[in-house]
Amino acid sequence: MKPLEGKVVVVTGAGGGIGRDFALAMAAAGAKVLVNDIGTSVKGEGKDAGPAQKVADEIGRNAVANTDSVADWESANRIISSAVEAFGRIDAVINNAGILRDRFFFNMSVEEWRAVIDVHLNGSFYVARAAAPHFKSQQSGCYVHMTSTSGLVGNLGQANYSAAKLGIAGLSKSIALDMAKFNVRSNCISPFAWSRMIGSIPTETEDQKARVEKLKSMQTAKIAPLAVYLASEAAREVTGQIFAVRANEIFLMSQSRPLRSVHRSEGWTPETISSHAMPALQQHFYPLHRSQDVFSWDPL
Ligand SMILES: NC(=O)c1ccc[n+]([C@@H]2O[C@H](COP(=O)([O-])OP(=O)(O)OC[C@H]3O[C@@H](n4cnc5c(N)ncnc54)[C@H](O)[C@@H]3O)[C@@H](O)[C@H]2O)c1
């Protein structure tokens, strides 16, 4: 028996990139797949029903296409109800849809902030929340959300995206806690893959060009096996975790815990914080690292 036989999976943003490979791999693993995608540009401008339909056609009778946006509560509900109408149930939600509106923080407009928060953070909440009553009543279900090292570690010019992606990590952990009693699991994947989204990185200097050339070896299809595994019964003990996948590497990412504490029985003044607390804690400060400083070696 295939690992996802009899299961129904919703993949958002499945018309291209990583999401398309999720949809194909879920179907190959025996699942029926709701292929959702509004068919928009990297910036989230315009709509096209073509990409979702094309992926659904590629899969065949075990897929249906859907072009509702994740970024609105009513339409996110239609994504889930379309899956239930087409296939009679829902077992997994893969929150993958995404856009970018990169800009240095000091120039970022409210519209650029809102558009990215709406698709990534609000969209992940809307789609997950719309599936929750089904998962609760059937006492099973699985969420996989795409986060990013832009949020988990940091990146330049992505305040909107970083905030949304770190927010998604918090959302996933909260879902894992709140829904554990219903046998529902929630995990994050932080992918690295050559897609049109990464293709939008500016390459002006030789150094940037060389870096982007290396990124091309990270295929989108390499992310899918972990998502299929997480959606399967084999992962029944796996919840509340954040994984990263980059070509043939899989990482378990850390989650925030106290590193070191200082204590003075009489309490602190700004002066003793300066003379005692900070010098002690400073040894453990994190540098202003970006994702590429932490993942500094070439993809394997
Ligand atoms: N590619 C990477 O290296 C990388 C790194 C970190 C995180 N991610 C995340 O992985 C996910 C997939 O990214 P990708 O690289 O495949 O990008 P992509 O641009 O190829 O795919 C994103 C898809 O989401 C769709 N989409 C956008 N807004 C939508 C909406 N409102 N409703 C429904 N669909 C919508 C787009 O039409 C597109 O097909 C995203 O969440 C992204 O943030 C990717």
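The values are calculated or read from the model by the stated rules, or taken from the named source; none is laboratory data. Source: prediction; values computed, not measured. Every residue, glycine as well, gets a Cβ built from its backbone with ideal geometry; the counts of neighbours run over all protein chains shown. To get the accessible areas, we keep the full protein, side chains included, count just its heavy atoms, and leave off ligands, DNA and RNA. Shrake-Rupley method; radii C 1.70, N 1.55, O 1.52, S 1.80 Å.
Tabulated data for the structure shown
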quantity: Compactness relative to 2.2 N^0.38 Å, alpha carbon Rg of the chain; calculated: 1.06
quantity: Within the chain, percent of DSSP bridges classed antiparallel, to nearest 5; calculated: 15 percent
quantity: Kyte-Doolittle mean at least -1.0, axial Cα span of 24 Å or more - DSSP H helices of the chain; calculated: 159-179
quantity: For the stretch 232-294, diffusion coefficient by Stokes-Einstein and Kirkwood Rh (Cα), 10 °C, 1.306 mPa s, µm²/s; calculated: 100 µm²/s
quantity: Difference of contour (0.36 nm per residue) and Cα-Cα distance, residue 207 to residue 137; calculated: 19.9 nm
quantity: For q = 0.17, 0.20, 0.25 Å⁻¹, Debye-computed log10 I/I(0) when each Cα of the stretch 159-202 counts as one equal scatterer; calculated: -0.62, -0.74, -0.90
quantity: Kirkwood Rh and Cα Rg combined as Rg over Rh, evaluated for the stretch 9-161; calculated: 0.98
quantity: Around residue 63: net Lys/Arg minus Asp/Glu count, Cβ-Cβ under 9 Å; calculated: 0
quantity: Inter-label distance, nm, simple model (7 Å from Cα along the C-beta direction), residue 28/residue 274; calculated: 6.2 nm
quantity: Net +/- balance of residues flanking residue 108 in space, Cβ distance below 15 Å, scoring K and R +1, D and E -1; calculated: 0
quantity: Solvent-accessible area, 1.4 Å probe, carbon plus sulfur percent, for the chain; calculated: 53 percent
quantity: Simple spin-label estimate for residue 282 and residue 77 in nanometres, 7 Å along Cα-Cβ; calculated: 5.5 nm
quantity: The stretch 30-111: GluC sites (Glu not before Pro) in DSSP loop, at most 15 other beta carbons within 10 Å; calculated: 45
quantity: Theoretical FRET efficiency, 1/(1+(r/R0)^6), r = Cβ-Cβ of residue 238 and residue 259, R0 22 Å, to 0.05; calculated: 0.30
quantity: Overall form of the stretch 188-300 per C-alpha gyration tensor (a/c, 1.5; a/b vs b/c); calculated: oblate
